[in-house]
Structures are given as structure tokens and as C-alpha cells.
Amino acid sequence: MKTKIDILKMNYFDLENSCLELGFKKFNVKQIYNWLHQKNVDKFEKMTNISKKNIEILNDNFLIPSLKVVEHQISRIDGTEKYLFELHDGKLIETVLMKHKDRNTICVSSQVGCAVRCSFCATGINGFKRDLTLDEILSQIYHIQRELVSKDEKVRNIVFMGMGEPLLNLDNVIESLKILISEEGLNLSKRRITISTSGIIPQIERLIEEDMTVELALSLHAGSNEIRKNIIPINVKYPIEDLMKVLWKYQKTSGRRITFEYILINNLNDTIEEAKKLKELVKDFDCIINIIPYNPVEGLNHERPSRNRIFKFYNYLKDDLRLNVTLRGEKGTDIDGACGQLRQKQKKLKLDVKNGNLEEKIIIKNEKN
Ligand code: SAH
Ligand code: SF4
């Protein structure tokens, strides 16, 4: 039996080549691409303007891959939805749908695990497993978009802030961006897509070179190399001063406002001294600083500051230093909205099956749900 090609792994050019070889007309290719990437169908049979014969050819040669939903949780607090997907090799990733009025934002994963291994992050705990393929990136969005469309809604924004470092899987991320912004795809503007990164300088350069300057969120988390290098190991290779240079270039070429993410960790980066250093770094940028109180991760040695400390830091940046700053409201706290945490729990569940005490864990889990 011949192996079928995963059709969501193909960009327009590849799809056109394959389809023309199989005898399709050029206008068919456009129709098929549109069904896949704009209407996000999960079966060729749903392509109603494609002939029966051609659908048969598509079924014989291609498959539309889909992700298996292992868990789907909906927050009772704010409606945030969290999906745990299983990939074809059994690996697990998570995707989050955040809802703010009519603005549906999907937070996608780009890798299984992460090689950057920040000291505070659940995704990095076990290091890097593998990159997500193009279809695995797109399928997270298309799965959720199908559910939204069935409720007369649609995705408005996409943020690469799930598991993994998107700039370390840049080939696939760029291919996905090209498809997501294409007219025959979801037709999202670059303004509606954000990449969050720990700061991989050559890859930020590449975004500039390839004119893929979507919104950029830089995970800064400190005002000095002394502190940043202890929590984001890659800072040794790409220190803050070099990062600021490339961000400056990014802003000058794209005209985009930069978001600086700053997770606030107790007694580490939440001091007035660090706030002053932060101001020096960002003062010339058109930027916004997004303060995110740290979400504690089991097994990691960091704490969230008290409410008092959080507001002291935030108010100091806002009122004393006059910076453009927001304090991120928590999303889906009842469903472990923070990066990588649901997957951790699921893994623990599997472990406990081996130890023979799954029952106990499930009860705890149900209580939480
Ligand atoms: N690798 C990219 C994108 C994924 S992480 C990056 O690091 O930017 C997305 C954001 O979640 C980053 O700003 C990251 O620092 C933050 N984050 C990770 N673990 C967190 C936690 N436990 N609590 C709060 N924010 C966290
Ligand atoms: Fe990787 Fe981002 Fe987590 Fe750091 S915070 S380990 S870069 S996913």
C-alpha cells in the first residue's frame, strides 16, 4: 500500500506541484488550499466544489492529519479553554484558547519540551524532545477554529506562547505564518500573530530578513545579565545588550511595538534596583512591559511574590518610572493555565498507573475539575 502524504505539511507550492502531477487543474489547487487552510475541513468529502472523482484521488494520495484530544478543560472563572493533544507518536502538547469578549486568542505550542530550560518553566524540566511539524502547529489552530466556527465565532489572534521556543523551530514556524497570513488561508494580519521568545538573536534577525516581522514578545524577566543568566541559561550566549540591539533593528524595520514579558519571581527579580535597570534597557523603545506574577511549578524552586510585592513593583514601574506597563490578569487559574503545567500533571497520572495508585490521583483531579 502506498504511503499517503500528510497534506497539511505542504505549502502552496508543494501542494500545487503534487496536485498538478495527479492531473488536477490550477484552479482546483486554489480550491483545495482554501478548504484546508481557510475552511479547515477535516475530511476531503467536505470539499463540496471538488468532483467525486477528484476527492477519490485526494483520498488515495493524501491524508488530513488531526490531533487526538486527550483532555479538554474549560475554566469556570473566565472561560479559558485548555486542550491536551496527543501526537501520532504519543507525545503530549497543550494549546490554550483565551477569551476576551469577541477576541479569541489561541496560544499554540511549537515544540515538545524545550532546550532552553529556563529555571522557572515546566516545559523545560525534561529538556527538548522534538520540534512540532508544520501540520502539528496548524492542526492546533484548525481544531479550535472548527469548534469556534460551529458556535459562530472565530480565531482573532494567535500567540506562540505555548510549549517550546518557537525561534528554535523557525523553519516550521515561518511556514505556518505564511499559511496563516495567506489570503486563501485564515488571512490573519501579522499584527494578530505574536511570537514569544527567550531571545535567540540570529533567528530574530531571520524574521527581519524574511519579512516575517509579526508582533514580538521578548521574555526579559530581569534588568541585568547577572540575574537573567541564572534563570534563562541562553542569556550567556545571547546577553541583554546584544538582544537590545537586535530588538532595536526589529522595531526600526517593522515599526512594531515590542512587548517585554517580565515574570515576577519572589526575591529574585522583583526589587526596585532591578526595576531601575529594566527602565534603562527599555526607555528608548516603543514598548509595553507585561508583568506576569510567577505561576509556581511543582518541583521548581521559585515562588510567586506576595500581592503586596507584586503591586509595589508594578506601581513603581508605572508611577515612579513612568513606563508603559500592564499587570497580566491570570487566565484559567482553575485549569492550570500556566505554560506546561497540564502536561506535567498528565505525565504524573501515567506514572501513577505504573505505581498502581491511579485511582487516588483521578479522585484528586476530579475534585479540581
Ligand atoms: N519559549 C518562549 C515561548 C513559550 S513560554 C518564551 O520563553 O518566551 C511563554 C511565556 O510563559 C514566557 O514569557 C515564559 O517566560 C512564561 N512562563 C513560563 N513558565 C511560566 C510560569 N511558571 N509562570 C509564568 N510564566 C511562565
Ligand atoms: Fe523554553 Fe520558553 Fe519555557 Fe524557557 S520559558 S524553557 S524558552 S518554553
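What is the angle, in °, between the Cα long axis of helix 134-150 and the longest principal axis of the Cα atoms in the chain? Nearest 10 is fine, range 0 to 90. Helix 134-150 sits at roughly 80 degrees to that axis. Extension gain for GLU303 to ARG257 (0.36 nm times residue separation, less C-alpha to C-alpha distance): 13.6 nm. Share of carbon and sulfur in the accessible area of the chain stands at 50%, probe radius 1.4 Å. In the structure shown, the pairs LYS91/LYS129; LYS4/LYS91; LYS229/LYS277; LYS26/LYS53; LYS190/LYS252; LYS279/LYS318 are assessed against 18 Å; a Cα-Cα span above that value is assigned to LYS4/LYS91.
Model label points for PHE13 and ARG103, set 7 angstrom from Cα along the Cα-to-Cβ axis, are 3.5 nm apart. Here each label is just a point 7 Å from Cα along the line to Cβ, and for LYS68 and ASP171 those points are 2.8 nm apart. The loop-placed GluC sites (Glu not before Pro) in the range 174-250, going by DSSP, that have at most 14 neighbouring Cβ atoms within 10 Å of their Cβ come out as GLU183, GLU210. The trypsin sites (Lys or Arg not before Pro) of the range 266-326 that DSSP puts in a loop, and whose beta carbon has at most 14 other beta carbons within 10 Å, are LYS283, ARG322.
Relative to the dominant Cα principal axis of the chain, helix 170-181 is inclined by about 70°.
Taking each residue as 0.36 nm, the span from LYS53 to HIS88 lengthens on full extension beyond its C-alpha to C-alpha distance by 9.7 nm. Axis angle, to the nearest 10 degrees, between helix 52-61 and the longest C-alpha principal axis of the chain: 60 degrees. Restricting the range 1-75 to GluC sites (Glu not before Pro) that sit in a DSSP loop and have at most 14 other Cβ atoms within 10 Å of their own Cβ leaves nothing. Surface analysis of the chain yields an accessible area of 48 Å² per residue, using protein heavy atoms and a 1.4 Å probe. What the Cβ-Cβ distance of ARG156 and ASP320 gives, at R0 = 30 Å and to the nearest 0.05, is a FRET efficiency of 0.30.
The values are calculated or read from the model by the stated rules, or taken from the named source; none is laboratory data. Just so it is clear, the model here is predicted, and its values are computed rather than measured. When we count neighbours, we look across all protein chains shown, and the Cβ atoms used for this are built from the backbone with ideal geometry, even at glycine. SASA here: full protein model, heavy atoms, side chains in, ligands and nucleic acids out. Shrake-Rupley method; radii C 1.70, N 1.55, O 1.52, S 1.80 Å.
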